[in-house]
Amino acid sequence: MTRPTGPAPDAQPQPDIEVFASLGYGLKMGTLHLPRVLVVTLPGLVIYGAATAWFMKLYFSYASGIVMPTETGGQPVFPPFDPMIAVAYGVMLLAAIPFSVALSRAYLDPGRVLPSFGLGATEFRMLCALLLMLALVFLIGLVVLAGGLGLGLLAQAGLPEFVPILVMIAAGLFAYWFLLVFVYRYMLFMFDIVARERWAFGEAFRLSKGQGWRLFGLFWLHVVATIVVWIPVDILAGTVIGFEFTPGEMPTFPPEGATALDLAAVAGIYVIGLYIIYGIMYGSLAHAYKTLRPRIDPPPVPGVRAA
């Protein structure tokens, strides 16, 4: 390959996440683009929704058989576990993969309007990425557990009582920050799987290098937005179906007297609420990914042909 001649091009500044610009993009995806996103993800939504309904039906059937301590005066009494609950949960997770890929495509490409559904290489990579993330989070949990045991030994070493407490608080805050930042950086990697249709774990993590505090700030904006959206959604759905929660008792779902129309209305309310939240969270992360993308996929240099 012929090497380019002449002076080296000026180094381009590395882009950073623009937190409020990403949040604004997410708000637009969750509101103005909501009908388009619904159309793009409709096939996956139907399958994922059916799998979720199956799991919820089995779960609530099992939960309704739990006898609470207020009735027994002691420990709760659990009915025999139905293994089909675990099967339904696994099916629900598998059904979430093509749905999440379609959702990512809708947020990455605001011009996409046709329904998207597949069971190909991209979905398989996404499944592997999800399983890897679960395994890594489990390992992080083991490290935190080992740290807790170490703090217990520290407390028995004769040091002043406040020392283990301070160490525990500091370690807990660091673990919390690290886990959140790790999960958000990992989600950018999952967007990379969809956008470039390849597995490039190292490149995708270099993408978000130095963006920890921005991702942490974006997370807390997501928390606030989720609370603001979900509280009225939950109140509206509970009002429609007449759902009441009594402390100390397992809720019965669906409530007595609920009609099929009531259940359909509640399902629609929750779907709209979830799509608003999905748009805010994943839409803003899609914007963050597109902002950082030039770090690993720089624009071509004029006059230099790619190898």
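Tabulated data
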| read-out | value |
| --- | --- |
| Scan of region 14-24 for residues that are buried (at least 17 other Cβ atoms within 10 Å of the Cβ) and either outside any helix (DSSP H, G or I) or free of Cβ contacts under 8 Å to residues at least 12 places away in the same chain (or both), ordered by number | Ile17 |
| Entirely in region 25-122, the helices (runs of 4 or more DSSP H) that have 3 or more residues that are touching a residue at least 12 places away in the same chain (Cβ under 8 Å) and not β-branched (Val, Ile, Thr) | 34-63, 83-108 |
| Single residue of region 238-278 satisfying the filter (out of contact with any Asp or Glu (no Cβ under 9 Å at 6 or more places or on another chain) and of a type in the set (Phe, Trp, Tyr)) that is modelled with the lowest pLDDT | Phe245 |
| Criterion: within 22 Å of Leu42 (Cβ to Cβ), touching a Gly at 6+ places or on another chain (Cβ under 8 Å) and not β-branched (Val, Ile, Thr) - qualifying residue of Pro98, Pro110, Pro115 | Pro98 |
| Filter pass, Phe138 being under 16 Å from Thr52 (Cβ atoms), among the aromatic types (Phe, Trp, Tyr) and under 20 Å from the mean Cα position of the chain (by Cα) | no |
| Long-range neighbours under 9 Å by Cβ, at least six apart or interchain, first residue over 22 Å from Phe182 (Cβ atoms) and surrounded by fewer than 14 Cβ atoms within 10 Å (Cβ to Cβ) within region 135-156, second at pLDDT below 75 and not acidic (Asp, Glu) | Gly152/Pro164 |
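The values are calculated or read from the model by the stated rules, or taken from the named source; none is laboratory data. Nothing here was measured: the structure is a model prediction, and the numbers come from that model. All Cβ positions, even for glycine, are placed from backbone atoms using ideal geometry, and neighbour counts span all protein chains on display.
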